[in-house]
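In what follows, a single structure is set out as C-alpha cells and then discussed.
The values are calculated or read from the model by the stated rules, or taken from the named source; none is laboratory data. Computed from a predicted model, the values in this text were never measured in an experiment. With ideal geometry, Cβ positions are generated from the backbone for all residues, glycine too; neighbour counts draw on all protein chains shown. Accessible surface areas use protein heavy atoms only, side chains included; no ligands, DNA or RNA. Shrake-Rupley method; radii C 1.70, N 1.55, O 1.52, S 1.80 Å.
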Amino acid sequence: MTATSLHDCPAPAKLNLFLHVVGRRPDGYHLLQSVFQLIDRSDTLHFDLRDDERIVRTTDVPGVPEEQDLIVRALRALQAEYARRHGQLPPGIAVAVEKRLPMGGGLGGGSSDAATALMAANHLWQAGLTDAELIALGLPLGADIPFFLFGETAFAEGVGDALQAVPGPDCWYVVIEPGVAVPTVAIFTAPDLTRNTKAITISDFSRRHVESNDLIGFGKNDLQDVAARLFPPVAEAIEWLGSYGAARMTGSGSCVFCAFSTEQEAERVLAQVPGRWRAWKAHALQSHPMKSLLQINEL
C-alpha cells in the first residue's frame, strides 16, 4: 500500500565552513569553492496527497507568495517530469511549512525546503527519480538545492553544483541571527567583492581538517567583508562572537557562527549572547535526516 502523507519532514540548515569566489563565468555567474555542512536546525514540512492535481501551500510564509515559493515551484517541476515519463499527472500535494530558519540568513532555508519537498514527493508519487535526476531538476531553481539533495558534507565548486563528499567536523556551533536579511544580489553585485581568490584542491581542506583537527579555521568567506560593510549588525555579531573563537558569516549572510568541540562549550557561549540577537546552538550532521526517514517509510 502506498503512503498518502509524510509528516514531520526535516529541512535542515547548512553552514559554509568557508566560501571563496575564484572567478566569474562569461554569463556573470560567480565561480565558488566551499564546504557545505548540514546542521540539526531545521524547518519542518508536512505533505498530504490531494484528490485533485493541484500543488497547494496551506500555511502562510511571510514575504514569500505561494507562486514564488521554491517548495511549490520544485513540486510543480517534479509533477511535470512525472507526467512526461508516465503520460499523466500524479495527485496534487498539500504542503504545510513550519518555518524556523530565517530568510536572508545564509542558511539555505528556502533551498532546503525545496530539496525536502522533492525527496518527499518522489517518495509519495513513487516517481522513481534517482538522486542525480532530482539534483538536475532542482539546480535551475536554486544553486543550493543540489547540496541538500546530495545530503552529506560536501566540497562544492562551480556555481555550487559540483559536489564531492568530504569528512566533516563533529562539533557544535553557536549561530547568531543579527536581525537583518541580506539580499544575495546586493553582495554579488558589490564592486569591492573579492572575485579572484586562488583556487584550492579538495585535499587542501581535508588535510588541514584531518591533520590539525581544525574546525573552521580554514580559508575565509569572501562575501563577509562586503556584507559587514553594508549591514553593520553582521559586523557587530562577527566581532562579538569572534572573542570566543573563529567566527564567520555563512553564505552571503547574515547569520554568523563559531564552532566548539563540545555541547557544553557551545552552551556557555550561548548563555552570554546579548539579548538584542536571536541565537541558538546546533550540532553538525553527517547526513541528511530525510534519507533515514524515507528508508523507514520504505519498510
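Given only helices, namely DSSP H runs of n ≥ 4 each adding -39500 (n - 2.57), what is the per-residue ellipticity at 222 nm of the chain, to the nearest 500 deg cm²/dmol?
-9500 deg cm²/dmol
Of the listed peptides 136-142, 222-228, what is their order by residue-averaged count of other C-beta atoms within 10 Å, with the highest listed first?
Details: 136-142: 18.1, 222-228: 23.1.
Highest mean packing first, the order is 222-228, 136-142.
Counting only protein heavy atoms, what percent of the accessible surface of region 1-146 is carbon or sulfur at a 1.4 Å probe?
49
Per-residue counts of other Cβ atoms within 10 Å, averaged by peptide: what ranking do you get for 68-80, 106-118, highest first?
Top of the packing list down: 106-118, 68-80.
Can you list the lysines whose alpha carbon sits under 20 Å from that of Lys14, skipping same-chain ones fewer than 8 residues off?
Correct list for Lys14: Lys99, Lys220, Lys281, Lys291.
Placing +1 on the Cβ of each Lys and Arg and -1 on the Cβ of each Asp and Glu in the chain, which of Thr4, Ala271, Leu45 has its Cα farthest towards the positive end of the resulting dipole?
Comparing the listed Cα positions along the dipole, Ala271 ranks first.
Evaluated at 37 °C with a viscosity of 0.692 mPa s, what Stokes-Einstein diffusion coefficient in µm²/s does region 1-42 have when Rh comes from the Kirkwood expression over alpha-carbon pairs?
Details: Rh = 13.5 Å.
Result for D is 243 µm²/s.
Among 81-91, 264-274, how do they line up by average Cβ neighbours within 10 Å per residue, starting with the highest?
Answer by packing, highest mean first, reads 264-274, 81-91.
Over the chain, with the other protein chains present, what is the accessible area per residue in square angstrom, probe 1.4 angstrom?
On the way: 13130 Å² over 299 residues.
Result: 44 Å² of accessible area for each residue.
For a bin width of 5 Å, list the pair-distance distribution of region 1-124 built from all Cα-Cα distances, rounded to whole %.
2, 10, 18, 20, 16, 14, 10, 7, 2, 0, 0
Mind checking the dipole of region 76-170: about its Cα centre, +1 per Lys or Arg Cβ, -1 per Asp or Glu Cβ, Debye to the nearest 20?
420
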